[in-house]
1. Of all residues in the stretch 82-101, which are closer than 17 Å to residue 161 by Cβ and within 16 Å of the chain's Cα centre (by Cα)?
2. In the stretch 165-182, is there at least one residue being in a strand (DSSP E or B), touching a strand residue (DSSP E or B) at 6+ places or on another chain (Cβ under 9 Å) and either closer than 21 Å to residue 85 by Cα or within 15 Å of the ligand (Cβ to nearest atom) (or both)?
3. Quick one: how many residues across the stretch 34-76 are assigned to a helix (DSSP H, G or I) and more than 12 Å from the ligand (Cβ to nearest atom)?
4. Being part of a helix (DSSP H, G or I) and either within 27 Å of residue 13 (Cα to Cα) or within 16 Å of the ligand (Cβ to nearest atom) (or both), is that true of even one residue in the stretch 150-158?
5. How many residues are within 16 Å of the ligand (Cβ to nearest atom) and either at pLDDT below 95 or outside any loop (DSSP other than H, G, I, E, B) (or both) if we restrict to the stretch 83-101?
6. Which one of these is in a loop (DSSP other than H, G, I, E, B), in contact (Cβ under 8 Å) with a residue 60 or more places away in the chain and under 19 Å from the mean Cα position of the chain (by Cα): 104, 21, 5?
7. Looking at the stretch 91-101, is at least one residue surrounded by 21 or more Cβ atoms within 10 Å (Cβ to Cβ) and within 25 Å of residue 177 (Cβ to Cβ)?
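The values are calculated or read from the model by the stated rules, or taken from the named source; none is laboratory data. Since the structure is predicted, the reported quantities are computational estimates derived from the model, not experimental observations. Heads up, the Cβs are rebuilt from the backbone with ideal geometry, glycines too, and the neighbour counts pull from every protein chain shown.
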Ligand code: E4P
């Protein structure tokens, strides 16, 4: 399983990119709004940092296929690494069909069932994004959904990649990797937590103490 970072915060993207652990970025309308900056400006800056797929979503207020297709083409024109994020609706599927026929990569977002994932894949989506945290929030097993989609895609030999989204903590990451997600898109805070272990800290402290005792500072 590969990692994308799920944020529009440029400092966090730089930090994760410098660690060499991410190969893509996902944003959504809430994450862009949080930065309070122009969409194109933020996306261009992100594209100058990470050399990999960057998901930019159509406007939250655009709900018709025609509008999503127009915006999708504009998003794709920003940079060759752009992936157009489209919500999982009937209109969204129509837009995915047209954009994918034009060779534009798409990421169908807000997936909460295996059937939604299958429909998005058949419409031509490059990626599907099941939101596991939001399912867990309503007492439904998000990891189980990833498992089912992975099995379904394997059975039918579907090339659409699964991006585990709405990842809330390090255990989600391990579970998604085992469930068959191709990618997990993870907030910086969770990536940072994944680097940590109290025994690593204790080990570093002991190595320093033992070294200094014999060789000095
Ligand atoms: C995925 O592409 C979304 O941006 C994201 O993972 C949503 O996560 P949330 O449920 O924590 O907002």
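1. The answer is 82, 83, 84, 85, 86, 88.
2. Yes, there is a match, as at least one residue in the stretch 165-182 is in a strand (DSSP E or B), touching a strand residue (DSSP E or B) at 6+ places or on another chain (Cβ under 9 Å) and either closer than 21 Å to residue 85 by Cα or within 15 Å of the ligand (Cβ to nearest atom) (or both).
3. 24
4. no
5. Going through the stretch 83-101 one residue at a time, the tally reaches 7.
6. Residue meeting the stated conditions: 21.
7. No: zero hits.
Listed here are the residues, each with its yes/no results for (1) buried (at least 20 other Cβ atoms within 10 Å of the Cβ); (2) out of contact with any strand residue (DSSP E or B) (no Cβ under 7 Å at 6 or more places or on another chain); (3) under 16 Å from residue 187 (Cβ atoms).
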residue: 13; (1), (2), (3): yes, no, yes
residue: 45; (1), (2), (3): no, yes, no
residue: 59; (1), (2), (3): no, yes, no
residue: 86; (1), (2), (3): yes, no, no
